[in-house]
1. Report, ordered by the first and then the second residue, all pairs with beta carbons closer than 7 Å, sequence separation of six or more or different chains, a first member in the stretch 52-79 that is under 22 Å from Met203 (Cβ atoms), and a second member that is β-branched (Val, Ile, Thr).
2. Determine which member of the set Ile264, Ile290, Ile278, Ile300 is of a type outside the set (Asp, Glu) and in contact (Cβ under 8 Å) with a residue 24 or more places away in the chain.
3. Could you tell me which of the residues Ser225, Ser250 is polar (S, T, N, Q), modelled with pLDDT of 90 or more and closer than 30 Å to Ser31 by Cα?
4. Residues that are surrounded by 14 or more Cβ atoms within 10 Å (Cβ to Cβ) and modelled with pLDDT of 95 or more: list the helices (runs of 4 or more DSSP H) wholly contained in the stretch 286-340 that include at least 1 such residues.
5. Val12: buried (at least 21 other Cβ atoms within 10 Å of the Cβ), hydrophobic (A, V, I, L, M, F, W, C), within 28 Å of Glu106 (Cβ to Cβ) and in contact with a Phe, Trp or Tyr (Cβ under 6 Å, 6 or more places away or on another chain), yes or no?
Amino acid sequence: MVDDLNTHSPIVSVIIPHCNGEDILRDCLSSLYQTSKMDIEVILVDNASTDNSISMVKKKFPEVKVVSLPENLGFAGGCNRGIKESSALYVLILNNDTVHKMGWIEYLVEKIKSRSTIAVVQPKLLSYQDNDYFDYSGAAGGEIDIFGFPFARGRIFKKIEKDNGQYDNVSDRIFWASGTAFLARKELLIKAGLFDESFFAHMEEIDLQWRLQLMEYEIVVEPKSVVWHRSGYTLGAESPFKKYLNHRNSLFMFLTNYCFMLTIYLLPIRIFLDDIAIFFSLVHFDFGRIFAILKAHFWIITHPKTILKKRKKVKSLRIEKDQQMLRYIYPGSIALNYFLFGKRKYSEFM
């Protein structure tokens, strides 16, 4: 690994994937430059915006490097292009619908430098709309259950907790850092293969960080660093496309990051849980979710070569065995505990 003490300027390359939203982008960039005194390089990757946001950036923030793509490559593709264009040792993946607390980047850099085993560090994510509550997208750090369903410290499904500092002093080790905002060692992201662009959006950061952990690196959270996020601005919670991506990408990730025997053992239960989700969606007339689940399964069935190719890639990177990895994964079903047993807080699962 390249020595962190290497005198490299800038220290951090901030990668912002973007597609429309002039006002939120202006707020984000203004906050970014006001809340950090570090030498940063800002790279805005434009996924074929159709509004005036890019002309606004060139006029008001001429120091920002704009990378224009001819088509929308999604979050994954946009981030990958930005990482390849970056020049710093550390890259900070950042959503365009965020604002930030003073010194937040400095705290992240301090944390990632504290241990050479840390690959990625996430700030505490709070809601822009309701500042005292955690943000849906990552809260105080992401976790995952054994069947590949993600949740977070401070957010279980739609139940979001108020931030009372309850997760500030627990273990800093998490399973995934939200793509809303995280700092990472650029060299390790490249070694792990960057974001899988077939995900397009949603859970691609979990997939990437799963691979990093298989490579024996840590994902952590730094609660002293705080970011406020307009969650769901790009794709609303009820977007059919978002529901489809969440179900497909979760299943794709499940099928490619476990070893073969564990995948075969857990797969029937995972399919059964999807069947339960279809049943409950039918009861609540949520036909959009039913269609999303069925469409996701159809994609999986029709892309065996993609899955096998990805499994081969993961196997080539794997150092950590699943027996060790399971120490960082919730051993039960987050969905069953939430919907059948009424568990609503992260503390009730640990």
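The values are calculated or read from the model by the stated rules, or taken from the named source; none is laboratory data. Being a predicted model, the structure only gives us computed values, none of them experimental. Neighbour counts run over all protein chains shown; Cβ positions are idealised from the backbone, glycine included.
1. Close Cβ pairs satisfying both conditions: Leu69/Val45; Gly78/Val45; Cys79/Ile15; Cys79/Ile93.
2. Criteria check complete, one pass: Ile300.
3. Ser225
4. Filter on the stretch 286-340 gives 287-301, 304-317, 322-325.
5. When the stated conditions are applied, Val12 passes them.
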